[in-house]
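Worksheet: the structure to be examined is printed underneath.
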Amino acid sequence: MSLKSEIMPELQTTRLTFLGTGGGRFATMYQARATGGIYLADTLRLHIDPGPSALYNMKRLSIDPIKTDGILLSHCHPDHYSDAEILTEGMSHGGIVKRGALIGSKSVILGEGEFDSPISNYHRSICARVSAVSAGDRFRIGNMVIDATPTQHSDPYGVGFRIHTRNGIISYVSDSEITDKVIAAHRGARVLILNLTRPLCAKVPFHLCTEEAAVFAREIVPEMVILTHLGMKLLREGVDKQVKYIKENSGTRVLAGEDLMKISIGKDITVKRFQDPTNHYTSYPKYD
């Protein structure tokens, strides 16, 4: 079945579903927030960075993995790739139909430097297309244009994704420090998705902290900033505090992601939250 035949003309909005909003090793290993990545439905269906709990949360929301057209992997850390192999089986109808695109950084697709590829030769073979991309590359999945953007991260081959949808550009920065080059790659984004791992006054290398997120948002001035990949220390210190700081210091609309939250992007941007009181820890282990 071709990608063209699976385009959804009835869907006039672009939809983002957050299958997880946690990130970093401690938030991931304790599942303080789920870490299933982001599911984008536009003219095609893309799954971005399907880490642990991706498949489980797809089941909770009745998202059919067989309908996925492409999987995007930003870099070779398990909170971004761990469910990718089983999702390639879904995308290829159980390996029966050679179908779908698997695209990611050189580290995750080919294995580079200290990183071995976590994707087996078998799982590559059941995809219609497998590509490794670097910052600055532009590629298409079906009729959708996507730019691979630079990152400054401990995986030096990591990329972000700037996705051109029918309702504007959605920029997923992925894990990165802030640099002029990283900021420049996301100018013009209507929706800016920031992986905010660290809270105020808690900067660490290779990840975004709250102060940097405010600078990023102020430079881009998107219609909406969405915070995800929330780390354990940030969750413990309070998400609302970080949102307040970024709003006050950027003048932008800032939304903290919540697990299973849905964003609809059309003429307006609307938010639907998933109500589940058992979805998160009520207290967080004291790890950073």
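Using mean Cβ contacts within 10 Å as the protection proxy, how do 31-37, 210-216 order, highest first? Can you show the working numbers first?
Working: 31-37: 27.3, 210-216: 21.9.
Sorting 31-37, 210-216 by mean packing, highest first, produces 31-37, 210-216.
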(request) Determine, from the Cβ-Cβ distance of Gln275 and His164 and an R0 of 45 Å, the FRET efficiency 1/(1 + (r/R0)^6), rounded to the nearest 0.05. (result) 0.85
(message) For the range 45-104, take every pair of Cα atoms, bin their distances at 5 Å starting from 0, and report each bin as a whole percent.
(response) 5, 21, 32, 26, 13, 2
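I'd like to compare 153-161, 109-117: which one has the highest average count of other Cβ atoms within 10 Å, and what's the full order after that? All intermediate terms of the calculation are to be shown ahead of the outcome.
Numbers: 153-161: 24.1, 109-117: 15.8.
So the peptides 153-161, 109-117, ranked by packing, come out 153-161, 109-117.
Can you give the helix-only mean residue ellipticity at 222 nm for the chain, where every DSSP H stretch with n ≥ 4 adds -39500 (n - 2.57) and the sum goes over all residues, rounded to the nearest 500 deg cm²/dmol? Don't jump to the answer; show the numbers that get you there.
Details: 10 runs with 67 residues, N = 288.
Computed mean residue ellipticity for the chain: -5500 deg cm²/dmol.
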(message) Can you give me the distance in nm between label points at Glu114 and Lys241, each placed 7 Å from the Cα along the Cα-to-Cβ direction?
(response) 3.1 nm
(request) Describe numerically, in nm with one decimal, the distance between label points set 7 Å from Cα along Cα→Cβ at Tyr122 and at Asp64. (result) 2.5 nm
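Among bridges DSSP assigns within the chain, what percent are antiparallel (round to 5)?
Working: 32 of 58 bridges.
Approximately 55 percent, going by the DSSP bridge assignments.
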(message) Quick check: net charge around Ser264, other residues with Cβ under 9 Å of its Cβ, Lys/Arg +1 and Asp/Glu -1?
(response) +2
(request) Net charge near Glu223: determine it from the other residues with C-beta under 10 Å of the C-beta of Glu223, scoring Lys and Arg +1 and Asp and Glu -1. (result) +1
(request) For the range 260-269, just list the computed ³J(HN,Hα) in residue order, Karplus coefficients 6.51, -1.76 and 1.60, θ = phi - 60°, integers in Hz, with x standing in for Gly and Pro. (result) 6, 5, 10, 10, 10, 10, x, 4, 10, 10
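Since every read-out is calculated from the coordinates, none of them should be taken as a lab result. Keep in mind the model is a prediction, meaning the values are calculated, not measured. Neighbour counts are summed over all protein chains in view; Cβ atoms, including those assigned to glycine, are modelled from backbone coordinates with ideal geometry.
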